[in-house]
2 protein chains.
Amino acid sequence: MASPTAAPRAFIQQQNLVEQVADYLTQAIIQQHFLPGERLSEVQLSRDLGVSRAPVREAARLLESRGLLISKPRRGFFVRALNAVELEDVFDLRLCLERHAIERLAERYTADAQRALKQQVEVLCEAAAGNDGTRRIEEDLQFHRLMLHYAGNERLLRAFDDLSHELRLCITLITKTHEAPDTIATSHFKLLDALDSGSPDACREAIDYHIGVARDFVVKGVGETGDSSDEDSADEDVLPR
Amino acid sequence: MASPTAAPRAFIQQQNLVEQVADYLTQAIIQQHFLPGERLSEVQLSRDLGVSRAPVREAARLLESRGLLISKPRRGFFVRALNAVELEDVFDLRLCLERHAIERLAERYTADAQRALKQQVEVLCEAAAGNDGTRRIEEDLQFHRLMLHYAGNERLLRAFDDLSHELRLCITLITKTHEAPDTIATSHFKLLDALDSGSPDACREAIDYHIGVARDFVVKGVGETGDSSDEDSADEDVLPR
DNA sequence: CTTGGTAAAACTGTCGACAGTCGGCAATCG
DNA sequence: CGATTGCCGACTGTCGACAGTTTTACCAAG
């Protein structure tokens, strides 16, 4: 519990309770105020947040669709716990999406896209030099989000956004130390160079390398992370048809 | 408005009201008993189905996450209307996922996988020979789902499942005529052959061809399908950050 | 000390109700 | 006659409550 990260905007207080609750839960999960596998009680949360159960329920459903929570019928919601295999899967899917995106992007690499990406890398480098780990991650994700955006497939972008929540979870949950600012900078500049070259092969190589580094960086920290596999028969829940 | 399809009552009283409502809505949308862009009233639906608004709301949120509905704050839920661009995007993402899947599958093509896929192709051929268009589509999707499954990445499979709902929408919404049984059969056998050969290039070529055919088959029927773009500023909703 | 069963407590799924808000319509004004 | 403004109805967002089920606590027997 404890206080939710940043206080909600001074904007308008009473609008979109669901989204406010969702943000609160997201932050609480990522900052590990809720432990992986922990059960969340609807009534407890609604009491703590001072709202009724309805918005809490909807927010929980939202987080479930984003892969941060898991619901078991009649049991409630549990914080998603990722094991090593699931972690690999997440990064493999990321690779899948970004490979496709950079390929599409290379085909239609406009000056606008180039400018936006370059600028975002600068922002990222600036963030990497600072101490705010969260901001560094966000700016990094934003760079990749821009790549997906300029690739020109909105559905692809949505798939990435869906995945990005789990990605955030993986990264913040496991990463203890941070990449060196230099590494981050050069790693992203390589992507820009590959795009400038216009060569699909170079792009693919660059993105493979880039994501490989990120994956290794996260995976190496997975000793005993959290185990979500207990009672399931390991096959049936995968193919319920 | 207009009353929904079949008489509402007669099928409730089991558990999982939410899922039942979701299934009902899904079928109604796919079978075009609700027209694209049409607004769905929560109270209307809850009256028709004989349940309260809570499960209707949750089901609608579920369908929203699956891309079948769109919610506008304070306005309610609307049936998703796909324009030509969104249609292209869906098939492009499908290509992205299946390319990756078949690549992974080729690396670990077990006898089990081979057997299961062959069997499913047979089931599909059988279905293609019949008259049930829905079953043909389902068996086709199931074949591809099996491919994704045996590729060994559950997260990838989930991404495909998410997409498959929209895929179903695209296919059933637009396709007037059906592919010839022969075409379906040979098209899938080519995939099996490519997998048997173990060549990544052959696999990629096969899946590109396969999905290209399916896409062309659907896209060619898109004259005036449904236009979802009206009041949005076309840029802001894509990059809200 | 362990084990098995029963009862209480807590929780989820579902329901009906209320208030604020949005869109449409009509009356009014220029 | 057209545009503007105020009103009305409908609907969503949110709330508190109830019933059935699951979990936990407790007690007794081995």
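Annotations for the structure displayed:
- Solvent-accessible area buried by A and B, counting both chains, probe 1.4 angstrom, square angstrom: 3400 Å²
- Residue separation of B:Ala84 and B:Gln31 scaled by 0.36 nm, minus their Cα-Cα distance, works out to 17.1 nm of gained length.
- Residue (of B:Ile70, B:Leu49, B:Leu25) at the positive-pole extreme of region B:17-79, dipole from beta-carbon charges: B:Ile70
- Peptide-level mean, for B:206-215, of C-beta atoms on other protein chains within 10 Å: 0
- Protein heavy-atom accessible surface, 1.4 Å probe, per residue over region B:95-195: 40 Å².
- FRET efficiency estimate (nearest 0.05) - Cβ-Cβ, B:Arg75 to B:Lys190, R0 51 angstrom: 0.65
- Global size of region B:84-219: 13.9, 40 Å for Rg and Dmax (C-alpha atoms, Rg to one decimal, Dmax whole).
- Exam field: B:Thr175 pseudo-label spacings to other copies (7 Å along Cα-Cβ), nanometres: 4.3
- Filtered trypsin sites (Lys or Arg not before Pro), region A:15-89: DSSP coil and at most 11 other beta carbons within 10 Å: A:Arg74, A:Arg75
- Taken along the Cα-to-beta-carbon direction at a fixed 7 Å, the label points for B:Glu107 and A:Lys220 span 2.0 nm.
- With an a/c value under 1.5 for the gyration tensor axes a ≥ b ≥ c computed over the alpha-carbon atoms, region A:17-79 is described as rounded.
- Cα gyration tensor, region A:85-154 - rounded (a/c under 1.5), prolate or oblate: oblate
- Straight-line cross-link partners of A:Lys220 among the aspartates and glutamates, defined as a Cα under 18 Å from its Cα and at least 8 positions apart when in the same chain: A:Glu86, A:Glu88, A:Asp89, A:Asp92, A:Glu166, A:Glu179, A:Asp208.
- Here the 3J(HN,Hα) profile of region B:192-209, calculated from phi with Karplus coefficients 6.51, -1.76 and 1.60 at θ = phi - 60°, is 4, 4, 4, 5, 4, 5, x, 8, x, 4, 4, 4, 4, 4, 5, 6, 4, 4 Hz, Gly and Pro shown as x.
- 17 Å reach of a label modelled at B:Tyr209, 7 Å along Cα-to-Cβ, counting backbone N of region B:98-112: B:99, B:102-103
- B:Lys220 accessible area, 1.4 Å probe, all protein chains in place, Å² to nearest 10: 140 Å²
- Remark: spin-label model distance B:Ser52-A:Glu19 equals 2.7 nm, labels positioned 7 Å along the Cα→Cβ axis.
- Other copies of A:Leu192: label-to-label distances in nm, shortest first, labels 7 Å along the beta-carbon direction: 5.1
- Distances between equivalent label points of B:Glu205 across the copies, with each point positioned 7 Å along Cα→Cβ, amount to 2.4 nm, shortest listed first.
- Whole-Hz Karplus values for region B:44-50 come out as 4, 4, 5, 5, 4, 8, x Hz, taken residue by residue from phi with 6.51 cos²θ - 1.76 cosθ + 1.60 and θ = phi - 60°; glycine and proline positions read x.
- In Hz, Karplus ³J(HN,Hα) per residue of region A:58-73 (6.51, -1.76, 1.60; θ = phi - 60°; x = Gly, Pro): 5, 4, 5, 4, 4, 5, 5, 5, 8, x, 8, 10, 10, 10, 10, x
- Convex hull volume per residue, computed on the Cα atoms of region B:1-150, equals 157 Å³.
- Region A:65-102 residues near the modelled A:Thr175 label - backbone nitrogen below 17 Å, point 7 Å along Cα→Cβ: A:87-88, A:90-92, A:94-95
- Taking amide H as placed 1.01 Å from N in the peptide plane, B:Arg80 has its amide H under 5 Å from the amide H of B:Gly37, B:Leu69, B:Ile70, each at least 5 places away in sequence or on another chain.
The values are calculated or read from the model by the stated rules, or taken from the named source; none is laboratory data. A quick note: this is a predicted structure, and the numbers were derived from the prediction, not measured. In this analysis, Cβ positions are derived from the backbone assuming ideal geometry, glycine residues included, and neighbour counts consider all displayed protein chains. The accessibility values were calculated without ligands, DNA or RNA, using every heavy atom of the protein model including side chains. Shrake-Rupley method; radii C 1.70, N 1.55, O 1.52, S 1.80 Å.
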